[in-house]
Amino acid sequence: MGCDIHAWVQYRVKGASSDDSWQDWSGEMHWDRWYALFGRMAGLRDPDVEAIVEPRGVPGGFWSVDIIEDGYHTPSWLTLEEFATVAAEYPCPDVDATLAAMRSLEANGQEVRIVFAFDS
């Protein structure tokens with residue numbers, strides 16, 4: 001059985017302190033399966049790849065906590081800087097486009113993160 005990623009880009013004004021201030025930039029994104037990438041993002045599916053950070057769970061302010069109840073697992077999130085590191089190591093059109101959108105949001109005064117979970 002395969003493993004798929006489900007990801008969302010979120011943003012808020014830099015310096016905002018409320019978890020309620022996060023907004024969705026994108027709807028749910030589905031990328032191609034790439035287990036080395038998934039391993040680098042969350043430490044799963046590829047034992048030879050170390051996660052950039054240990055999975056953090058569902059972040060505060062994420063609008064769809066029920067994704068876990070829908071059979072998703074290993075929820076986590078990465079900052080722009082963390083995701084940029086991953087993107088430099090594992091470039092592909094999906095990752096590159098997501099990173100470009102995140103950088104554009106940051107250039108316009110936003111704090112940005114990517115939230116994700118997996119199914120299998």
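What does the highest-first list of 112-118, 51-57 look like by mean Cβ count within 10 Å?
Working: 112-118: 23.6, 51-57: 14.9.
For the peptides 112-118, 51-57, the packing ranking is 112-118, 51-57.
For the chain, the Cβ-based charge dipole about the Cα centre amounts to some 280 debye (Lys, Arg positive; Asp, Glu negative; other atoms uncharged).
For E28 and S120 in one chain, what is 0.36 nm times their gap in residues minus the Cα-Cα distance, to one decimal in nm?
Numbers: separation 92, 0.36 × 92 = 33.12 nm, distance 1.67 nm.
Stretched out fully, the E28 to S120 stretch lengthens by 31.4 nm.
Can you tell me the orientation of helix 80-89 relative to the chain, as the angle in degrees between its alpha-carbon axis and the longest Cα principal axis, to the nearest 10? Taking the Cα atoms of the chain, the angle to 80-89 is about 40 degrees. Within the shell of other residues whose beta carbon sits under 15 angstrom from the beta carbon of G43, the net charge comes to -3, with Lys and Arg scored +1 and Asp and Glu -1. Taking a ≥ b ≥ c as the square roots of the eigenvalues of the Cα gyration tensor of the chain, is the shape rounded (a/c under 1.5), prolate (a/b larger than b/c) or oblate? Verdict is oblate for the chain.
Across region 94-100, computed HN-Hα scalar couplings (Karplus, 6.51 cos²θ - 1.76 cosθ + 1.60, θ = phi - 60°) run 4, 5, 4, 5, 5, 4, 4 Hz from first to last residue, x flagging Gly and Pro.
Report the local net charge at N108: Lys and Arg +1, Asp and Glu -1, summed over other residues whose C-beta lies under 13 Å from its C-beta.
On the way: positive: R12, K14, R103; negative: E106, E111.
After counting each charged neighbour, the total is +1.
Bear in mind that the values in this text are calculations on the coordinates, not laboratory data. As the structure is a computational prediction, the values presented were derived from the model and not from experiment. Positions of Cβ are generated from backbone atoms using ideal geometry, with glycine treated the same way; all protein chains shown enter the neighbour counts.
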